[in-house]
Amino acid sequence: MAKIHVSTTVNGEPTEFLCEPQQTLLDVLRDELRLTGSKEGCATGDCGACSVTLYGRLICSCLALGAEAEGHEIETIEGMADGDSFHPLQQKFLEHAALQCGICTPGFLVAAKSLLERNSDPSETEVRYWLAGNLCRCTGYDKIIRAVLECAADMRGA
Amino acid sequence: MTSENGELKWVGKSPIRPDGADKVTGRAKFGADLMLPGMLVGKVLRSPHAHAKIKSIDTSKAEALPGVKAVVTSADMAEMQPEWVAAGEVQINFLDLSNNILASGKVLYDGHAVAAVAATNSAIANAALELIEVDYEVLPHVIDVEEAMAPDAPILHDDMFTQGVTPTPDKPSNVFKEVDIAVGDVEAGFAKADLIVERSFKTAAVHQGYIEPHAAVASFSEDGQAELWCCTQGHFTVRAYCAKLLGMDLSDLRVTASEIGGGFGGKTTVYLEPVALLLSRKAGRPVRAVMTREEVFRASGPTSGASTWAKIGVTKDGKIVAGEAILKYQAGAFASSPIQPGCMCAFAPYDVENVKVKGYDVVSNRPKVAAYRAPGAPISEHAVESVLDEIAKKLGIDPLELREKNAAKEGTNAAYGPKFGPIGFADTLAAAKAHPHYSAPLGPNQGRGVASGFWFNIGGESCATLNVGEDGTLVLATGSPDIGGSRASMAIMAAETLGIDVADVRPIVADTASLGYTFLTGGSRVTFATGMAVIEASKQVIETLRERAAKIWDISIDAVIWEDGFAKPAGANAGEFEPMSLGEIAAQAGKTGGPISANSSINAEGAGPGFGTHICDVEVDLETGAVTVLRYTAVQDCGKAIHKAYVEGQIQGGAAQGIGWALNEEYIYNDEGRLDNPGFLDYRIPVASDLPMIDTVIVEVANPNHPYGVRGVGEVPIIPPMAAVGNAIDSAIGVRMTDLPMSPPKILAALDNGS
Amino acid sequence: MARIILTSGLGNQYAGGQTEFEIEAANVRRLIAALEERFPGIGPELEREMAVAIDGEIYQDPFLETIAPESEVYFLPRIGGG
Amino acid sequence: MNALTYESPGSVDEAVKLLAAAGSDAKILAGGTDLLVQLRMGMIKPALIVDVKNISETTVIKEESGGYRVGSAVSGAELGEHDGMNNTWPGVVEALELIGSTQIQGRASMGGNLCNASPAADAVPAMIPADAVCTIAGPDGRREARVEDIVTGPGQTSLKAGEMVVDFYFPPRPARSGDAYLRFIPRTEMDIAVVGAGISLTLDEAGVCSAARVALGAVAATQLVVEDGAAALIGSTLDDAALEKLDAAARAACRPIDDKRGTIEYRTKVAGVLARRAAKIAQQRAEG
């Protein structure tokens, strides 16, 4: 099994790695790059815990091959805070207690960020549908949805 | 404990959780996130059959594969005797536990672990699994609980003779035990009834559905000591079970609870942990084992599916005169389901003189059940709350008023026997009735349902250590894994008791070598029981701080009071010295007797029972049977909310799980007895777009046994939703759904049949 | 004499169907010993599986809890949770 | 252990060469949302994966003769952002956008949805009423085929070894036309269709239906074209009687199975319901 050499950009940093052809992007992030903030909840694209953006699109990193990252940009939860300050969504999630166990939180944050970049004024329904691929078993979603809506409002006002 | 004017400074507020930053940045280390040098990948071979004899297992080819470092089967485990230990309501028999970890002699369900390998990478581990040759003799299987009880059913265990019947039968059966609860005389009670309603129900087996699959990393050293990291609700429980299964001393096994990605009861037992240890011992290297989602569904505990029947008699003014129920719970492949609490909870919210409940604990070819939020209670209370709804309709009484007429109060003999202390059930009913939701108008094909729920809540053994740093900040160690923000609650209670800033308390979860035994995180016990240990340790620290201040001031300790985070001279010495802060005293600790710390070890008794009442609005699509939950309100007596936002979150999460149980979640088995939906695609937990906001109303009737009045919170909210949703559907379309989940095909069929 | 109430299952199995007794015992340990004397075999089962409620207060690990002469003592299955 | 190779060719010709050389051991990777699950589950063990997302033909949308040519690997998210396709064939766009979550939308493609050949594919029963035609490239050159002729059974297509779908052509929409796709799932998101219904229709100036195409998904081994359903609509103003005939025709066409996602009875009944509802939406769109 010859490994594939991949040159990519992860959270703004030029990054190279070797991966096996069948290795998913999630496996590469976690096992090769040691970025364990992206979680494996299902490995079938049904839970969203491994959400990242690849070429600017929100995807499940369990459903992409590591090799596909060649020449593209990847953004993960580890790149969300700006130096020592939280992204407004991270701050809002903390203030709103929008997490309990926290396993789904990185995926929700990455997905919510992707939403607000496209739609600065989403309705509750739009937020719920955009995040429908991110499963949370602890919160009943209430506080997560509120945190995203309030963050959007704050960011619009800012 | 409170400030001078008696107001609470931190309790009831919602400060940002101390572990929050790591959780929103991806830094938090969950079960599968730990990596050790030289670590191997552990994987488990599982049975493709629902029921089969293992004639032989040949692991030689797998062992010969380059990169494979260890292969284990049940032969590698310590020999177990049938020994029962109490483990909450789902008892554990070590022989069964051992056989569930790695099958011995027979496989009893699709997904039952048979062997495991450790290899240098996952591709080699997978290849090794394929090289293990297991010769099975497939046996007839049984999945459904009623079919498992039939006289001609395939028998899972030749040595299972139904307990709880006299004389003990001489023929083996799949009924592990029968349970009876009886108060008063139900026949006499029914004779006094003006109206009797009875109905049968079926509820599906449902999984806890935590998003983090089970994971364990084990590292054995040559001298027989081992370390284990895993996502668990109770690392002391893990230590106890693993040490027993591997024949180790407790002191040789150090278990660290990683961050845990949800549990809901499902991470109160062991699956991979002993396997990872066995593999590491054999391979001489660290081993990490992580379940796939498919393995989680096939082989970790769901809760029981059940067949239930409830019969209630009332007078025409709505007083319940008798209640009877028959409950048949799936235990999974090994004995012991939550049938006991199911029986005890069925009529518990109500003041009923005559109650009779019969329960059956039944094995079948399904994974062994594990605890799930208020184990057993949602199933039995669903039956009772649904029948009560029918009674309210038939009598023309408002369903909340019917409940108010019969609600248990302080001094009521609970349907399971003893008297209730102060409880807040009636308060939840009154709050629900007064809520604007209850009187909001409904549109066409919409309906509203209400239901209530009861859970005991528990206390138990907990330890806490509080270490005061020389700068006046504190580290608070407990042994309770934090699933839903409990570290925040612990810090709040310590800060409140000490009168200091909550940010000055850094709560951590200590490993099993660093703190005394602490029972697991479950049963809504942590804020109550571990909280009491924290308060106790805080009080001890206050005593020490007073003593040190007295030394510094050279006055008697009796002349020093602790108030709002300061030592103050009192009595004859009042005003003589400037008050000293905790930090000022801590800075001089070395001179006044050494470091300041306290350790509290308690067995907390006196948990306060919890009650909740939910209101649910639905709309039914008459042409497709689809149900939309339009509005949801959950009212609950929490005693005292320590961290308000996380209390609300517990209630919202429990309600959402109950709605999933009501509408779409189920284990689907095919004709071969294989699980047909072992993934989040077809095991349908609610997604964000399925739910409305879940409004919460926190009622606070203090539990007199806790310094701040805490009851448990987490269990109760999963109990009412199934009946609340069913009652709302009935209100919308005039059809009583008796078979859970109330999925669109069933609703459409029921509409078509007009039943 | 305290009033002692067993579950009907235990009553059927060990006490010929009887579930209520008047027994004098200073604490739970002595009460279980007294029951074991009357109904051999019941003691270990009570210790292993049962919590008690003394005057409405549930004790999951009962042992030395005191029982007053007029107390009402229920034996109940132990409860855990999720 | 199989030796898997990953290739990411820059042209259709290169891709076809790779596919032809590997024969049945090769799999095409577009969005990967089905392929990677199958790979992970061990359902397939290919020797070669050909990623077609570095080929411009398969990844762009362009206007052509008043219609649109959509690359087979264009993701749902990209299609959903394309004004031209949204205005012309909203039913097709909404069908592709119904597949999975936002995350799946970032990857899932019409080419993948078609070639995976699931009876429950969402995009296919919307493409069929739109009269979509796909370009197929293979060792023997290029050919065109109607979308409805591709799927031959669950997991099976009429594509020959070494062939790949390059793009789809959606013709210009006739005046006073509209299309719509509806599916039923137990939740609001994240499920596989239990039933899907796609309809495209044209109205005359009086509002009478002059042309219609009706397709159903998840109710047979392949997507169904319901001629009787179309006939029920043509000549009507989609009055209750016509819709009832459409409902009956849809039900009559169904040959579903019982499985974990739905029963025969349920699928049949809901097929009629969705056909009716989709027809009404298409009518509204046609009326502008």
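The values are calculated or read from the model by the stated rules, or taken from the named source; none is laboratory data. As the structure is a prediction and not an experimental result, all values here were calculated from the model. Backbone-built Cβ (ideal geometry, glycine too); neighbour counts: all protein chains shown. Quick note on the areas: whole protein, heavy atoms, side chains included, nothing else; ligands and nucleic acids left out. Shrake-Rupley method; radii C 1.70, N 1.55, O 1.52, S 1.80 Å.
Electrostatic bookkeeping for A:C62 treats Lys and Arg as +1 and Asp and Glu as -1; over the other residues with beta carbon under 9 Å from its beta carbon, the sum is -1. So if we plug the beta-carbon distance of B:K61 and D:A161 into 1/(1 + (r/R0)^6) with R0 = 41 Å, what FRET efficiency do we get, rounded to 0.05? For R0 = 41 Å, the calculated efficiency reads 0.75.
Note on C:R48 and B:T120: the model spin-label points, each 7 Å out from Cα along the C-beta direction, lie 4.9 nm apart.
With 40 Å² as the minimum drop in accessible area between chain alone and full protein complex (1.4 Å probe), the qualifying residues in the range D:187-226 are D:R187, D:T188, D:E189, D:M190. Taking a ≥ b ≥ c as the square roots of the eigenvalues of the alpha carbon gyration tensor, chain C is rounded, as a/c is under 1.5.
Measuring against 28 Å, Cα to Cα, the residue pairs B:K177/B:K282; A:K113/B:K746; B:K358/B:K409; B:K13/B:K419 contain B:K177/B:K282; A:K113/B:K746; B:K13/B:K419 as the ones spanning a longer distance. Could you run the Debye sum over the Cα atoms of the range B:30-120, one equal point scatterer each and no solvent, and tell me log10 of I(q)/I(0) at q = 0.17, 0.22, 0.25 Å⁻¹, two decimals? For the range B:30-120, the Cα-only Debye profile gives -0.88, -1.13, -1.22.
The simple spin-label model puts a point 7 Å past each Cα toward its Cβ; for B:Q588 and D:K280 those points are separated by 8.2 nm. Would you work out if the range B:561-606 is rounded, prolate or oblate? Take a ≥ b ≥ c from the square roots of the eigenvalues of the alpha-carbon gyration tensor; rounded if a/c is under 1.5, else prolate when a/b is larger than b/c, oblate otherwise. Because a/c hits 1.5 or more and a/b fails to exceed b/c, the range B:561-606 counts as oblate. Summing Lys and Arg as +1 and Asp and Glu as -1 over all other residues whose Cβ lies under 9 Å from the Cβ of D:L39 gives a net charge of +3. When the P(r) of the range B:459-604 is calculated, the portion above 26 Å amounts to 26% of the C-alpha pairs. If you wrap the Cα atoms of chain A in a convex hull and average its projected area over all directions, you get 9.0 nm². Among the lysines, which fall within straight-line cross-link reach of D:K280, defined as a Cα-Cα distance under 22 Å, with same-chain neighbours fewer than 8 residues apart omitted? Result set, ordered by chain and number: D:K245, D:K269. Multiplying the residue separation of B:E130 and B:F161 by 0.36 nm and subtracting their alpha-carbon distance yields 7.4 nm. If you take the Cα centroid of the range B:372-388 and the Cα centroid of the range A:1-57, the two points sit 44 Å apart. Label separation (B:A749 vs C:S71): 5.3 nm, computed from points 7 Å beyond Cα along the C-beta direction. Directionally averaged projected area (the protein assembly as shown, Cα convex hull): 51.2 nm².
Any chance you could check the Cα centroid distance between the range B:555-629 and the range D:89-147 for me, in angstrom? One Cα centre to the other: 60 Å. Counting Cα-Cα pairs of the range D:177-287 in 5 Å increments starting at 0 gives whole-percent bin shares of 2, 15, 25, 24, 16, 10, 5, 2, 0, 0.
As a ratio to 2.2 N^0.38 Å, the alpha-carbon radius of gyration computed for chain B takes the value 1.00.
Between B:E543 and B:S601, the FRET efficiency estimated from the beta carbon spacing at R0 = 22 angstrom works out to 0.85. Local charge for B:K356 was computed over the other residues whose Cβ lies under 11 Å away, with Lys and Arg +1 and Asp and Glu -1, and equals -2.
Of the chymotrypsin sites (Phe, Trp or Tyr not before Pro) found in the range B:289-378, no site is in coil according to DSSP while having at most 16 other Cβ atoms within 10 Å of its Cβ.
Over the Cα atoms of the range D:5-51, the radius of gyration divided by the Kirkwood radius equals 0.97; this is the Rg/Rh ratio. Separation of the range B:475-531 from the range B:48-103 is 35 Å, based on Cα centroids. For n ≥ 4 DSSP H runs only, could you compute -39500 (n - 2.57) per run for the protein assembly as shown, divide by its residues and tell me the 222 nm figure to the nearest 500? Taken over the protein assembly as shown, the calculation gives -8500 deg cm²/dmol. Using R0 = 22 Å, the C-beta based FRET efficiency linking A:R118 and A:T9 works out to 0.60. Here the 3J(HN,Hα) profile of the range B:734-748, calculated from phi with Karplus coefficients 6.51, -1.76 and 1.60 at θ = phi - 60°, is x, 10, 8, 7, 10, 10, 8, x, 8, 7, x, x, 5, 5, 5 Hz, Gly and Pro shown as x. Split chain B at each of the GluC sites (Glu not before Pro) in a DSSP loop with at most 10 other beta carbon atoms within 10 Å, and the longest piece is B:223-755.
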